[in-house]
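Okay, so here's the structure we're looking at.
Quick note: the coordinates plus some simple rules give every number you see, no bench work behind them. In this text the structure is predicted, and so the values were computed from the model without any measurement. Note: ideal-geometry Cβ built from the backbone for every residue, glycine included; neighbour counts use all protein chains shown.
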Amino acid sequence: MTEEIDAVLFDAGGTLIDLMPPRAEVFAQALHAIGTKASSSDVAAAMARADRIHDEEYARLDGKDEARFWKMYDEEVAKAVGYRGDFDLLEKQVSTRFDEIVPKAENWVAYPDTKPTLERLRARGFTVGLVSNATDLARRVMDRLDLSQYFEFMVLSEEVGVRKPAPGIFKIALDAAGKPPNRTLFVGDRYAADIVGATRAGMHAVLVDREGIYKNPPCITFQDLSFFERYF
């Protein structure tokens with residue numbers, strides 16, 4: 001594969017960085033606060049199922065009016081782990097906790113394989129970029145984790161006004177990379193937003209499914225970034 005690729009572009013959350021505490025733990029804490037005990041592992045399994053079922057809906061979110069989707073998502077996850085209480089109360093608890101944690105750069109960590117992978121790619125001369133449906137938070141997180149040095153550019157949806165899977169955001173990234181789509185690999189954790197979007201833009205694409213969300217997806221899939229050691 002190395003001979004066919006000149007640039008490697010990455011998604012951010014779920015691919016290179018993760019929330020800490022993990023989202024399943026945050027959700028479990030919200031449930032505990034309103035009297036329902038559920039393990040983080042059970043919540044994680046329920047979230048993976050919801051992520052799989054609603055993957056295409058998630059890809060259509062516009063970054064603005066998302067409340068209806070997340071209310072549906074939270075109710076579905078909560079019901080899967082046995083919650084039968086007040087769903088308005090649940091939504092308030094979940095929203096409050098995530099709103100307190102997600103926007104803070106210090107609550108994001110790099111996966112153990114992130115930095116070694118980026119170092120390997122840059123050392124071997126690949127153009128490396130970031131393409132994310134994100135705000136400036138992604139840039140601040142990368143700065144804090146000392147990862148910005150590995151990217152020749154970052155394309156963030158809030159800054160460019162277009163989101164994955166729309167072709168426009170991938171075109172912006174390709175222009176920044178200065179490479180043709182058939183010589184560019186995109187790596188992401190969401191099938192509909194990342195893989196479908198990238199392939200429609202003419203790029204190669206690899207799904208990194210760290211949480212085991214997808215069942216036999218119709219694309220090249222790995223559990224983590226270790227495949228770079230074998231193929232790059």
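See the values below:
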| quantity | calculated |
| --- | --- |
| Residues in the range 54-73 that a label on GLU158 would reach, taking backbone N under 15 Å of a point 7 Å out along Cα→Cβ | 62-66 |
| Equivalent ellipsoid semi-axes - Cα gyration tensor, the range 69-151, angstrom | 36, 14, 11 |
| Dipole of the range 4-86, positive direction: furthest Cα of VAL8, SER40, HIS54, with charges on the beta-carbon | SER40 |
| Dimensionless Rg over Rh [the chain; C-alpha; Kirkwood] | 0.97 |
| Values of log10 I(q)/I(0), in the order q = 0.18, 0.20, 0.22 Å⁻¹, for the range 83-207 under a Debye, Cα-only, solvent-free model | -1.03, -1.20, -1.35 |
| Tally of Lys pairs whose C-alpha atoms are under 14 Å apart, taken over the chain, 8 or more apart or cross-chain | 4 |
| Within the chain, helix-based [θ] at 222 nm, where runs of 4 or more DSSP H residues each add -39,500 (n - 2.57), nearest 500 | -12500 deg cm²/dmol |
| Value of relative contact order over the chain, rounded to a whole percent, pairs C-alpha under 8 Å and six or more apart | 27 |
| Stokes-Einstein D for the range 21-106, Kirkwood Rh over Cα pairs, 10 °C, 1.306 mPa s (µm²/s) | 120 |
| Between helix 114-123 and the chain: long-axis angle, C-alpha atoms, 0 to 90°, nearest 10 | 10 |
| Antiparallel bridges, percent of DSSP beta bridges restricted to the chain (to nearest 5) | 15 |
| Charged-residue dipole, Cβ positions (Lys, Arg, Asp, Glu), the chain about Cα centre, Debye nearest 20 | 240 |
| Sum of side-chain charges, PHE228 neighbourhood, beta-carbon under 11 Å (Lys, Arg +1; Asp, Glu -1) | -1 |
| Segment ARG140-SER226, extension gain: residue separation times 0.36 nm, minus the distance between their alpha carbons | 28.4 nm |
